[in-house]
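Read the figures in this text as sums done on the coordinates, not as results from a lab. It should be emphasised that the depicted structure is a prediction, and the values quoted were computed from it without experimental measurement. Neighbour counts are summed over all protein chains in view; Cβ atoms, including those assigned to glycine, are modelled from backbone coordinates with ideal geometry.
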Amino acid sequence: MTSHRSGMVRTPGAVAAAVAAALLALAVPGTAQAVGSHHGTAGQPAAGVPAHYDSGLAPTPSMGWNTYYGLGAPTETQVRSVADYLVNSGLRQSGYSIVWLDGGWQADTPRDTQGRLTANPERFPSGIPALVKYLHQRGLKAGIYTDAGDYDPASCGLGSRGHYQQDADQFADWQIDAIKVDFLCGIGEKLEPGPAFTEFSDAVAKSGRPMMLNLCNPLTDDWGLPHTPGQDAHNTFVYGPTVADSWRTGTDIAWGSPTAGEFPNVLRNMDANAWHPEAQGPGHWNDPDYLIPMRQLTDGSYEMNQEESTTQLVMWAEMASPLIIGSDPRTLPQAMVDTLRNPEILAVDQDPLGIQGVRVATDGTGDTYSKVLQGSGRRAVVLLNRSDQPAERTLTFAQAGLTGAVTVRDLRARADRGTYTGTYTVTVPAHGTAMFKLVGTDAAPGVKLGGPASAADPALVRDGDTLTAFTQDADGSLRATTGRDGRWSGSGADLGGPTGGRFLGQPAAYASAGRIDVFVRGTDDHAYLRTYAQGSWGRWQDLGGRIADAPTAAYQGPGAWTLFATGTDGTVASRGPATGWTSIGAPPAGALYGRPSAVTDASGRIHVAVRGVDDEVWSRDADASGAWSDWTSLGGTISAAPTLVATGGSVQLLARASDYTLWQRTYDATAGSWGGWFPQSAFVSNAFDGAMGATAGPNGQVLAVSRGVGGVVRQSSF
């Protein structure tokens, strides 16, 4: 298995399955919104597909200030003073709008005789509601802190366990806008954070007031405490996207008091946050912890200098992370405040696509990160110098998926640098960054199809030398476009859809001697089949079922297929041409994202592959007698549903990795075993989105269609 610095990262399958199984047999919060993938397709899956959290309060990463790293246990006077500074300095106008109380706001005995939380009377003599009113009057939002564990004064200052609904209701009554839920109490009593956080999320949903929810389990191996995989912060990605607006991806970035030599810990948290970019998207965000710019040491020097502090801001923005200032902003030099307000850096963080920038190149000196921005041919790229000396760094535009003439704008300097082809070279300071907005032409393998962009992932069939691609128009109808490998023209034919002229998700299509069978999911969550034979299309045939995402088929020919789809119970449902729906179960990970993929190999064995909620590929197969194997993890870290295609005596597995590149595995039907993962290097990061459509080509080739930036569909071969 590859290192955490490449796209196909994976915790070993047994570990990830244990994490997921322990965490996902849970109720879905009432504020969650179902989506099909992190950068989703057109259809909205029904119950049974994990629902990504979306309170409606964080369509882009949250911004604000938190008391912990700057003030410790704060006072009412200090918080009001910082709030005024946020307004007067322009930080509020730049987006830093949340004033977030961390631990220390509560009384030494946190609850009164009725079990209600009580503010510390010495530090907050006016009470929390009065402070909230003060913040709201200044156009700011109020955040507060609690812990998901049981209160234990020996290990934590405040715990909500046993009071989840009471505390959520009290916060709502106080007009709180955001809640940070820590896990120090939970760590002390060895709780599993997933179920605890989910229960708290449910309580927030029932409180009647929308409140942003941030999860903070900081436990990692850095603590030196024995713990289960589910208790590790690095595995919060398994459940975080379904229960909160944001979740910590690692341990605390710093000590409460400024400490010299902090920059390596910034890199540590950045690297941990880079492991699962596929987990986040609009409404649910990876959180690598707070910004800690230029905290002063006792001798008056700084914990991190301005360049190092700017590096943290730049990398957090590139990764579309929450930007919560942890330092006391009143103590910052004006130049640092100006950097925190840089509108061009902040625009990268707040880009509405919500795509986390990923590492596209690395060496012993540093890394290159690329982030797709809204609009065609637009990227935010960062050159990071990890070393202790200035270094000349070269940006290769092809690594960012751009070709042709590329305009370069320096976002830190807010200055245009000209137009270049191929590369751009700059000297980057020690522990520093260069951050650019690039505008060029999107580069992707293959040729464009004719016709409009596709609103869903496409499908492809081959009959002799003729290829037919199936896409989805903006109105939800099915479009068929015919061409040959590398040669496409014309806009295709509109085939409508089975329900009101529409369908949901990715179509699945198969060809055999002049016949094409197309399977889709209707807007009523039934599966449908439409057949092209003898030169014309027949009517839609209702295959029934209650499916939560698009169907797929192990297809051997007309009337000889087995259809598979994610059922509303979260398992993989199947049926044949003349049989009813049954379930073949689900992997130990316990839930699925997106549609399954299925294929029949040369020996007659059926293979089914799915994306688990742990973002691994899980596979199950049935021999010619119909006996099914156990579910097996094929590893990987994927960001969309996998695609299977039979080519001669092998089966090819194609999957979009967590860094948005294309990776592949091959099953040898004769040997009965899978080979290792390998990349298709022509598909650089974000060259395509979602799941591929694929069919067997001549001489063992794979012919594929994929959807790129702006829904443009391309056909390629490899």
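Express the relative contact order of segment 304-385 as a whole percentage, based on alpha carbon pairs under 8 Å and six or more residues apart in sequence.
Numbers: 102 pairs, mean separation 23.3, N = 82.
RCO, segment 304-385: 28 percent.
Under 28 Å of direct C-alpha separation, and excluding same-chain neighbours fewer than eight residues apart, residue 180 reaches these lysines: 133, 141, 190, 206, 371. Principal axis extents of the C-alpha atoms in the chain (largest first, rounded to whole Å): 84, 61, 46. Between residue 430 and residue 347, take the C-beta separation as r, use R0 = 25 Å, and let me know the FRET efficiency to the nearest 0.05. So, using R0 = 25 Å, E works out to roughly 0.40. Among 551, 266, 179, which residue has its Cα furthest toward the positive end of the charge dipole of the chain, with +1 on Lys/Arg Cβ and -1 on Asp/Glu Cβ? In the chain, that residue is 551.
Within the set of other residues whose C-beta is less than 11 Å from the C-beta of residue 70, count the net charge using Lys and Arg as +1 and Asp and Glu as -1.
Values: positive: 295, 330; negative: 102, 328.
So the surrounding residues net to 0.
Projected label points at residue 57 and residue 512, each 7 Å from Cα along the beta carbon direction, are separated by 5.4 nanometres. Using a cutoff of 8 angstrom between alpha carbon atoms and counting only pairs six or more residues apart, the relative contact order for segment 60-356 works out to 19 percent. Residues of segment 251-276 falling in the label zone of residue 335, defined by backbone nitrogen less than 12 Å from a point 7 Å along Cα to beta-carbon, are absent. Note: segment 387-501, Cα convex hull, 169 Å³ per residue. Report the paramagnetic label zone for residue 376: residues of segment 692-718 whose backbone N is under 18 Å from a point 7 Å from Cα along the Cα-to-Cβ axis. Hits in segment 692-718 for residue 376 at 18 Å: 706-715. Enter the Cα centre distance for the pair segment 438-488 and segment 133-166, rounded to the nearest angstrom. What the calculation gives is 51 Å, centre to centre. The fraction of all Cα pairs in segment 241-326 landing in successive 5 Å bins from 0 to the largest distance is 3, 15, 27, 23, 15, 9, 5, 2, 1, 0, given as whole percents.
Would you please give the FRET efficiency between residue 87 and residue 154, computed as 1/(1 + (r/R0)^6) with r the Cβ-Cβ distance and R0 = 30 Å, to the nearest 0.05?
On the way: r = 39 Å, r/R0 = 1.31.
That pair, residue 87 with residue 154, gives E of 0.15.
Rg/Rh for segment 191-312 to two decimals, with Rh computed the Kirkwood way over all alpha-carbon pairs.
Details: Rg = 16.0 Å, Rh = 15.7 Å.
Rg divided by Rh gives 1.02.
Counting 0.36 nm for each residue step from residue 623 to residue 579 and taking away their Cα separation leaves a gain of 14.0 nm.
What's the local net charge at residue 120, with K and R +1, D and E -1, over the other residues with C-beta under 10 Å away?
Charge balance in the 10 Å sphere: -2.
Taking neighbour Cβ counts within 10 Å as the exposure measure, how do 384, 529 sort from fewest upward? The partial results should precede the final answer.
Working: 384 25, 529 21.
Placing the least packed residue first, the sequence is 529, 384.
Computed from the Cα positions only, the extents of segment 457-717 along the three principal axes stand at 42, 41, 31 Å, in decreasing order. For the pair segment 369-384 and segment 535-614, the centres of their Cα atoms are 37 angstrom apart.
The simple spin-label model puts a point 7 Å past each Cα toward its Cβ; for residue 365 and residue 301 those points are separated by 2.6 nm. The calculated 222 nm mean residue ellipticity attributable to helices in the chain amounts to -4500 deg cm²/dmol, summing -39500 (n - 2.57) over DSSP H runs of n ≥ 4 and dividing by all residues.
If you take all C-alpha pairs in segment 60-356, what percent of them are over 30 Å apart? Before the final figure, lay out each step's value.
On the way: 11165 of 43956 pairs.
Tail fraction, whole percent: 25.
Treating each Cα of segment 284-401 as an identical point scatterer and summing with the Debye formula, the log10 of I(q)/I(0) at q = 0.09, 0.16, 0.23 Å⁻¹ comes to -0.27, -0.82, -1.36.
State the dimensionless ratio Rg/Rh of segment 332-434 (Rg: radius of gyration of Cα atoms; Rh: Kirkwood radius).
On the way: Rg = 13.8 Å, Rh = 14.5 Å.
Rounded to two decimals, Rg/Rh equals 0.95.
If you take every DSSP beta bridge fully contained in segment 60-356, what fraction is antiparallel? Give it as a percent rounded to 5. It would help to have the intermediate numbers written out before the result.
On the way: 4 of 29 bridges.
Around 15 percent of the beta bridges assigned by DSSP in segment 60-356 are antiparallel ones.
Calculate the dipole size of the chain relative to its Cα centre from +1 charges on Lys and Arg beta carbons and -1 charges on Asp and Glu beta carbons; express the result in debye to the nearest 20.
Value, rounded to 20: 2020 debye.
Using a 4.7 Å Cβ-Cβ cutoff, the cysteines of the chain lacking any partner cysteine are 216. What is the sum of charges, Lys and Arg at +1 and Asp and Glu at -1, for the other residues whose Cβ falls under 9 Å from the Cβ of residue 231? That works out to -1. Using Cα pairs closer than 8 Å and at least 6 residues apart in sequence, work out the relative contact order for the chain, in percent. So the answer I get is 12 percent.
So if I take the centroid of the Cα atoms in segment 169-243 and the same for segment 662-718, what is the distance between those two points in Å? Using only Cα atoms, the two centres lie 38 Å from each other.
With N denoting the number of residues in segment 562-718, provide Rg(C-alpha) divided by 2.2 N^0.38 Å, to two decimal places. Each step should come with its number before you reach the end.
Values: Rg = 15.1 Å, N = 157, 2.2 N^0.38 = 15.0 Å.
Relative to the 2.2 N^0.38 Å estimate, segment 562-718 comes out at 1.00.
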